[in-house]
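Below is one structure, written out as structure tokens, with a few remarks after it.
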Amino acid sequence: MNRRTQYGRTAWNRRRATAVAAAVSGCALVVASAAPVEAHGDGRHKGTDYVALGDSYTSGPLIPKQVDANCARSDHNYPSLVASERRVSTFKDVSCGGATTENMWKAQGTNPPQLNALQRDTDLVTVQIGGNDFGFGSVISTCAGLSSQDLSGDPCRRHYTSSSGTDQLTLKILDTAPKITGVLRAVHARAPHARVLVVGYPDLLPEDGSGCYPSVPFAAKDFPYLRDTGKRLNLMMRVVARLNGAEYVDTYRPTIGHDMCKAPAVRWIEPLQPASPAAPAHPNAKGEEAMARAVLKHVRKGHGH
């Protein structure tokens, strides 16, 4: 690589990193000014070859019927519902509970590297990954454990900002961005004609910032803090998708009002002690249906961002 080429690539990577950082810090204008997206297959025709990649939000742990015990994968997760509705010709769901971006290249138990499911004729790919790289599970357990120190305050937020005054969760989101970038580049390399959809995460906590202790054991002022953290994670995913030739599917907005603080008949995300078959702090069957509707709506409308 000559010096000019190396400089050009370094500058381009620096601009991408700056765009993601600006977005996570609250500058949504970057979405409008990002690089144009390369066109791929539209995923609308009969004969679609569909591959689903992702973590437990994709796989649907404990939701009947479980078809892969190693990966806690349900045949009623959103990829299965999308595949059924679209009447695809081939469907491979290799999502796996606990998956990180590393498991796109690395086997996870009996689940082979998820990228292995892609072929050159794959023309629709959904990717929902990054939550475990961010440390979703450990953040929930940490914040739940800290809540008793100050039920009316924000001990979780203070914990994650105490060392330097910088929000460590925002830094974790920024650290996850290049990992998702790597995944999307690998998807395009293996399935160069595919329409690639990055699926965001649904709304876990009340949009109005209210709490529901002890059903969800966070301190009162940590509810809005964690809500905003989830929004930053989704915003990062949106921007990374746009910068890497993919489309973003918003599952947050369609699930507002069905978070884990709501009554069992209303909620689509189960609390830490689920009342419906689902993992704690994960979508139940209705939540998977809601994400499927969001994906289907996006696919039907064509190339939207």
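Worth pointing out:
- Taking the criterion of being under 19 Å from the mean Cα position of the chain (by Cα), of a type in the set (S, T, N, Q), part of a helix (DSSP H, G or I) and surrounded by fewer than 23 Cβ atoms within 10 Å (Cβ to Cβ), the residues of segment 104-140 that qualify are 132, 138.
Every residue, every condition in (1) without any contact (Cβ under 8 Å) to a residue 12 or more places away in the chain; (2) closer than 21 Å to residue 88 by Cα; (3) out of contact with any Leu (no Cβ under 7 Å at 6 or more places or on another chain); (4) surrounded by fewer than 18 Cβ atoms within 10 Å (Cβ to Cβ), yes or no:
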{"position": "246", "(1), (2), (3), (4)": "no, yes, no, no"}
{"position": "260", "(1), (2), (3), (4)": "no, no, no, no"}
{"position": "266", "(1), (2), (3), (4)": "yes, no, yes, yes"}
{"position": "270", "(1), (2), (3), (4)": "no, no, yes, no"}
{"position": "275", "(1), (2), (3), (4)": "yes, no, yes, yes"}
{"position": "279", "(1), (2), (3), (4)": "no, no, no, no"}
{"position": "302", "(1), (2), (3), (4)": "no, yes, yes, yes"}
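- Selected residue (criterion: surrounded by the most Cβ atoms within 10 Å (Cβ to Cβ)) from residues of segment 46-80 that are without any contact (Cβ under 8 Å) to a residue 40 or more places away in the chain and assigned to a loop (DSSP other than H, G, I, E, B): 75
To keep it simple, each residue is scored yes or no on (1) among the small types (Gly, Ala, Ser); (2) in a helix (DSSP H, G or I); (3) within 26 Å of residue 195 (Cβ to Cβ).
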{"site": "278", "(1), (2), (3)": "yes, no, no"}
{"site": "287", "(1), (2), (3)": "yes, yes, yes"}
{"site": "293", "(1), (2), (3)": "no, yes, yes"}
{"site": "298", "(1), (2), (3)": "no, yes, yes"}
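- Reported count of residues in segment 81-103, each being farther than 19 Å from residue 192 by Cα, of a type outside the set (A, V, I, L, M, F, W, C) and part of a loop (DSSP other than H, G, I, E, B), is 5.
- Criterion (surrounded by fewer than 21 Cβ atoms within 10 Å (Cβ to Cβ), touching a residue at least 40 places away in the same chain (Cβ under 8 Å) and within 16 Å of the chain's Cα centre (by Cα)) met by exactly one of 202, 192, 178, 206: 178
- Residue match in segment 85-102 (condition: at pLDDT 95 or above, among the β-branched types (Val, Ile, Thr), more than 22 Å from the chain's Cα centre (by Cα) and farther than 18 Å from residue 184 by Cα): yes
The values are calculated or read from the model by the stated rules, or taken from the named source; none is laboratory data. Just so you know, these numbers come straight off a predicted model, no measurement behind them. Backbone-built Cβ (ideal geometry, glycine too); neighbour counts: all protein chains shown.
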